[in-house]
1. For every other residue with a beta carbon closer than 12 angstrom to the beta carbon of R227, add +1 if it is Lys or Arg and -1 if Asp or Glu, then tell me the sum.
2. Quick check: the distance between the Cα centres of segment 59-93 and segment 262-311, to the nearest angstrom?
3. Name the residue, out of S125, S205, S293, whose mean-square fluctuation peaks in a Gaussian network model built on the chain with Cα pairs under 10 Å.
4. Enumerate the amide H contacts of S129 below 5 Å, restricted to partners 5 or more residues apart or on another chain; note that Pro and chain-start residues carry no placed amide H.
5. Charges only on Cβ, +1 for Lys and Arg, -1 for Asp and Glu: so what's the dipole of segment 241-387 about the Cα centre, in debye to the nearest 20?
6. Please give me, ordered by residue number, the trypsin sites (Lys or Arg not before Pro) of segment 284-315 that lie in loop per DSSP and have at most 10 other Cβ atoms within 10 Å.
7. By how many degrees, between 0 and 90 and to the nearest 10, does the Cα long axis of helix 169-184 differ from the longest principal axis of the chain?
8. How would the chain be classified by its alpha-carbon gyration tensor: rounded, prolate or oblate, with rounded meaning a/c under 1.5 and the a/b versus b/c comparison settling the rest?
Amino acid sequence: MDRETWKPFLKRWSEEWLAVHDVEPRSAFEEPVVDGWLGSPPASAEQVAEAEARLGCTLPPSLREFLLTTDGWRNAGNFVWLLRGADDIGWLRDLDSPWAADCADIGDEDDDEDEEDDAVILRRSLQISLEADAGVLFLDPADVDEHGEWAAYELFTWTARGPERHGSFSELMYDLYAGFHALDRPQCQTQREWDAAIEHARLASLAGEVDGPMEVFAEAARFGRDRAGILLFQMQAMLGDRDASRLIGSMLWRGIESTWPLDAPFLEAEVLPVLFAEHKRAARWSVQSTFVSLSKHGSEPVQKMISDYRASPGEPRFGNPEFDAAVRAAITAPTPDDAWTLLRKALSAWRPMSDDHLAPIVLLADPRTARLITPERGREILAMRRG
């Protein structure tokens, strides 16, 4: 990412952040926000050259161009309050920072191989964050791609995970930007652009495209667009992804301000039967399911839906009457191959319940139809023009 790309990206980030946050200087040494810009004046080429001479290396291109755009940055997401400028970046092991001591201690005991690898990375890395919430951002000079970019990491002790790797400094910054959107949900141009992309991908999915729409939905979900999560859940479920329900589990929790207007009829008719079938499978292994999790922690409307469903689950209907009748005829076929042939033919009669309904996922709730839909056949269904 060069200066011509960094400047508009960071300008948009500043505007969106300041629309939902009051930013005050964290110390007497920090400059106030001027002209809606979270950054600082650019570092000079001489400052960057001096930093490189001091460090004994050439900085990766995206960090170098970033510093020539802004010499430091406030609020790189919700948990990184300040990034270092050219004069402040340094090898993590040498800085007056608690992380310098931590990286010396990691791996001193009988840690496993992954933890020892993390310690090695920390000891050789360049720290780029100045203030963060029990965390640090750093770049690894020994992990370099064909463009000269160093792998970038974020590490927060409260996540109970090790360092999270990104391909470059610019990829790390983009991820932090997406995380800000996911948490704060600012009403802004970026969110409107994602909503338009989601709708375009929805129509493409109904026309039979698979991988492209899934990529759009996954990226939009990173930005807190919950509709994308609902749509992606359906596609992943049809492809046999056992973790698909996690996408919707978190967005339906109590206290979460969802950006998706609750479509109760769709949830009751299509989603809950699938979650309940998953719950019955999970119970065999004593694993807590998304269904149980939502029954305890879901929003009030979701908890009521689950309570009503548990009281009388019944046999799932397979959708609109024409499709339902065709599916019921298919499952009486003498062999599984005959049943699949008839079921595949029946899909021409399927109609979505709403604009958020992408595929007949309720088929996965009935063991008679679920056993017919392998991941390969699920992809075949998604590759059909539907509805």
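Any read-out appearing in this document is the output of simple, stated calculations on the displayed coordinates, not a laboratory observation. Since the model is a prediction, treat every value here as computed from it, not as a measurement. Every residue, glycine as well, gets a Cβ built from its backbone with ideal geometry; the counts of neighbours run over all protein chains shown.
1. Numbers: positive: R202, R225; negative: D195, E199, D226, D263, D355, D356.
Here the count lands on -4.
2. 44 Å
3. Result: S293 has the largest fluctuation of those listed.
4. For S129, whose amide H was placed from the backbone, the distant partners under 5 Å are R84, L137.
5. 380 debye
6. Here the trypsin sites (Lys or Arg not before Pro) that fit, given the DSSP loop and packing criteria, are R284.
7. 60 degrees
8. Working: a/c = 2.37, a/b = 2.12, b/c = 1.12.
Verdict is prolate for the chain.
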